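K.L.:
First, the structure itself, so that you have it in front of you.
The values are calculated or read from the model by the stated rules, or taken from the named source; none is laboratory data. Model, not experiment: these values are computed from the prediction. In this analysis, Cβ positions are derived from the backbone assuming ideal geometry, glycine residues included, and neighbour counts consider all displayed protein chains. All accessible areas refer to the heavy atoms of the entire protein, side chains included, with ligands and DNA or RNA removed. Shrake-Rupley method; radii C 1.70, N 1.55, O 1.52, S 1.80 Å.
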Amino acid sequence: MKQIFPGIWQWTWFSDEKQLDFNGLFLMVGEHKILVDPPLMTAEARSFVRRNGPVDYIIVTNRDHLREAAAYQAEFTCWLYVPEADAAQMDVTPTKRYTDGELLPGGIWAIRLSDQKSPGESALFLDRGQGIMIVGDALIGKPAGAVSLLPAEKYPDAAKVKDGLRRLLKYNFDGLVVGDGASILAGGKPVVERFLSLPS
């Protein structure tokens with residue numbers, strides 16, 4: 001469990017299949033304790049969460065990042081938030097379906113991104129410090145220090161994906177926390193700007 005920003009910790013689980021780190025977040029924001037896109041925890045990570053809990057909420061950014069959320073919802077007896085537009089494609093009964101522009105617990109803004117892998121793909125914006133943007137599958141942190149997209153065949157229309165991501169640039173953020181790969185803890189927005197300006 002690694003602290004990456006004040007009140008925000010990240011743990012990783014390496015996927016042999018994808019050859020990528022899957023990242024989960026533990027946020028302590030105000031009175032709330034929140035997990036985001038939780039992969040399998042090590043015993044050390046689980047112990048850390050239990051010592052600093054109780055967990056109030058789990059927030060999932062897209063249908064494919066449910067990961068261990070259902071198991072941890074049962075374990076920690078907390079609320080589960082999933083994107084409204086992905087809920088029907090998820091094998092879980094959420095406590096709440098969140099929508100674009102909704103203010104979630106902990107002062108987290110939900111940003112639905114159009115033309116992504118799933119209809120409900122959402123980023124989470126936290127207006128703390130210089131701004132923190134959390135993305136699920138919208139951007140992959142690979143190679144380290146840069147961002148990339150999933151393979152073109154994952155999208156309904158790969159030509160539209162970057163246009164959908166330009167919405168991120170309306171927000172001021174320095175940290176870019178990714179669900180897969182290496183997060184960019186400073187200078188994240190310019191990295192995204194450069195990537196989106198490149199020809200597809």
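K.L.:
Name the pairs: first residue in the range 3-16 and open to solvent by 30 Å² or more (accessible area, probe 1.4 Å), second residue not in a strand (DSSP E or B), Cβ to Cβ under 6 Å, at least 6 apart or on different chains?
P.N.:
Short answer, once both residue conditions are applied: W9/M1; W13/P39; W13/L40.
K.L.:
Let me ask another. Could you tell me which of the residues L35, L40 is of a type in the set (A, V, I, L, M, F, W, C) and surrounded by 18 or more Cβ atoms within 10 Å (Cβ to Cβ)?
P.N.:
Numbers: L40 fails: surrounded by 18 or more Cβ atoms within 10 Å (Cβ to Cβ).
Going through L35, L40 in turn, just one is of a type in the set (A, V, I, L, M, F, W, C) and surrounded by 18 or more Cβ atoms within 10 Å (Cβ to Cβ): L35.
K.L.:
Going through L104, L113, L139 one at a time, which residue ends up being over 16 Å from W9 (Cα atoms) and either free of Cβ contacts under 8 Å to residues at least 24 places away in the same chain or in contact with a helix residue (DSSP H, G or I) (Cβ under 6 Å, 6 or more places away or on another chain) (or both)? It would help to see each step written out before you state the result.
P.N.:
Numbers: L104 fails: either free of Cβ contacts under 8 Å to residues at least 24 places away in the same chain or in contact with a helix residue (DSSP H, G or I) (Cβ under 6 Å, 6 or more places away or on another chain) (or both); L139 fails: either free of Cβ contacts under 8 Å to residues at least 24 places away in the same chain or in contact with a helix residue (DSSP H, G or I) (Cβ under 6 Å, 6 or more places away or on another chain) (or both).
None of the other options fit; the residue is L113.
K.L.:
Is it true that W79 is under 26 Å from G53 (Cβ atoms), more than 16 Å from the chain's Cα centre (by Cα) and open to solvent by 40 Å² or more (accessible area, probe 1.4 Å)? First the steps, then the outcome.
P.N.:
Values: under 26 Å from G53 (Cβ atoms): yes; more than 16 Å from the chain's Cα centre (by Cα): yes; open to solvent by 40 Å² or more (accessible area, probe 1.4 Å): yes.
For W79, the condition - under 26 Å from G53 (Cβ atoms), more than 16 Å from the chain's Cα centre (by Cα) and open to solvent by 40 Å² or more (accessible area, probe 1.4 Å) - is met.
K.L.:
If you don't mind, there's one more thing I want to ask. Any idea which of V29, V36, V55, V49 is more than 28 Å from K162 (Cα to Cα) and in contact (Cβ under 8 Å) with a residue 60 or more places away in the chain? Step through it out loud before you land on a result.
P.N.:
Values: V36 fails: more than 28 Å from K162 (Cα to Cα); V55 fails: in contact (Cβ under 8 Å) with a residue 60 or more places away in the chain; V49 fails: in contact (Cβ under 8 Å) with a residue 60 or more places away in the chain.
None of the other options fit; the residue is V29.
K.L.:
What's the number of the condition H65 fails, among (1) closer than 20 Å to G188 by Cβ; (2) open to solvent by 40 Å² or more (accessible area, probe 1.4 Å); (3) under 13 Å from the mean Cα position of the chain (by Cα)?
P.N.:
The failed condition is (2).
K.L.:
Name the residue that is surrounded by the fewest Cβ atoms within 10 Å (Cβ to Cβ), counting only residues in the range 146-200 that are more than 15 Å from the chain's Cα centre (by Cα) and among the acidic types (D, E).
P.N.:
Across the range 146-200, the extreme among qualifying residues is E153.
K.L.:
Considering only residues of the range 98-131 that are open to solvent by 10 Å² or more (accessible area, probe 1.4 Å) and closer than 16 Å to F26 by Cα, which is nearest to the chain's Cα centre (by Cα)?
P.N.:
If we take residues in the range 98-131 being open to solvent by 10 Å² or more (accessible area, probe 1.4 Å) and closer than 16 Å to F26 by Cα, then F125 is nearest to the chain's Cα centre (by Cα).
K.L.:
Looking at the range 1-33 only, could you name the residues that are among the β-branched types (V, I, T) and under 19 Å from K142 (Cα atoms)? Explain how you work it out, then say what you get.
P.N.:
Kept after step one, since they are among the β-branched types (V, I, T), are these residues of the range 1-33: 4, 8, 12, 29.
Within the range 1-33, I4, T12 meet the criteria.
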